[in-house]
Amino acid sequence: MAANKKPGQWNKETIIIVGLMCLVFLWTLNRVEMENKPQEETTEKIEKPETKATQKVEKALVPLATGKEPIDKIFVQSGCTACHTIPGIRVAKGREGPKLELGTTARRRLADPNYRGKANTDWEYVQESILNPSAYIVQGYPDHVMPRWYGQKLTAGALDKIITYLLKIEEVP
């Protein structure tokens, strides 16, 4: 069969492969164009169901982390890495907040006479430190620097994952 083929003539398989490649190229080009368009342009073309119960999603209600992400991603998405040094999290080299070695320091802070919180366990202390950071201010660091909205922006799963991780970190003398 190949011997009967004239120079420059394509067989069926070649035509099919070239056609599929063209389709994939055009599809990819379309996807790139859609991603580069402003949000308003792309949402206008989507038909929205008209219901009275349609709710507008407010940015304030979207969680920073769900708890399904890897721990390092949770710390980055939540902004913890900007202010804290967190052992084991490569990008967490912040200096605005204390180093997070809570596997050791949580017990000491609970026993500190300056502690004004309500926690009784290390777990409760770490949770309280995230949700109500003014309950205990680590000496040498100012109050009112850590955001107070983590209770609204982290899911229970993300908060549990953060606490579990931080309680495993022991202070290195």
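The values are calculated or read from the model by the stated rules, or taken from the named source; none is laboratory data. The model shown is predicted, which means the values in this text are computed figures rather than measured ones. So basically every Cβ, Gly included, is an ideal-geometry build from the backbone, and we count neighbours across all protein chains shown.
Just name the residue that is nearest to the chain's Cα centre (by Cα) out of those in region 136-155 that are crowded, with 17+ Cβ neighbours inside 10 Å and within 16 Å of L102 (Cβ to Cβ).
So, considering only residues that are crowded, with 17+ Cβ neighbours inside 10 Å and within 16 Å of L102 (Cβ to Cβ), the one nearest to the chain's Cα centre (by Cα) is Y150.
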Please determine, by comparing only the residues of region 156-173 that are within 11 Å of W123 (Cβ to Cβ) and not hydrophobic (A, V, I, L, M, F, W, C), which one is nearest to the chain's Cα centre (by Cα).
D160
Within region 140-156, is even one residue modelled with pLDDT of 95 or more and within 18 Å of P63 (Cβ to Cβ)?
no
Failed item in (1) touching a Gly at 6+ places or on another chain (Cβ under 6 Å); (2) at pLDDT 90 or above; (3) surrounded by fewer than 17 Cβ atoms within 10 Å (Cβ to Cβ), with K93 passing the rest:
(1)
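Of everything in region 81-116, what is within 22 Å of the chain's Cα centre (by Cα) and more than 18 Å from E171 (Cβ to Cβ)? Give them in sequence order.
Residues satisfying the conditions are T81, A82, C83, R90, V91, E96.
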Kindly provide the set of residues from region 121-173 that are under 20 Å from G94 (Cα atoms), aromatic (F, W, Y) and touching a helix residue (DSSP H, G or I) at 6+ places or on another chain (Cβ under 6 Å), ordered by number.
Y136, Y150, Y165
Residue list for region 111-128, restricted to those being part of a helix (DSSP H, G or I), free of Cβ contacts under 8 Å to residues at least 24 places away in the same chain and within 21 Å of Y165 (Cβ to Cβ):
E124, Y125, E128
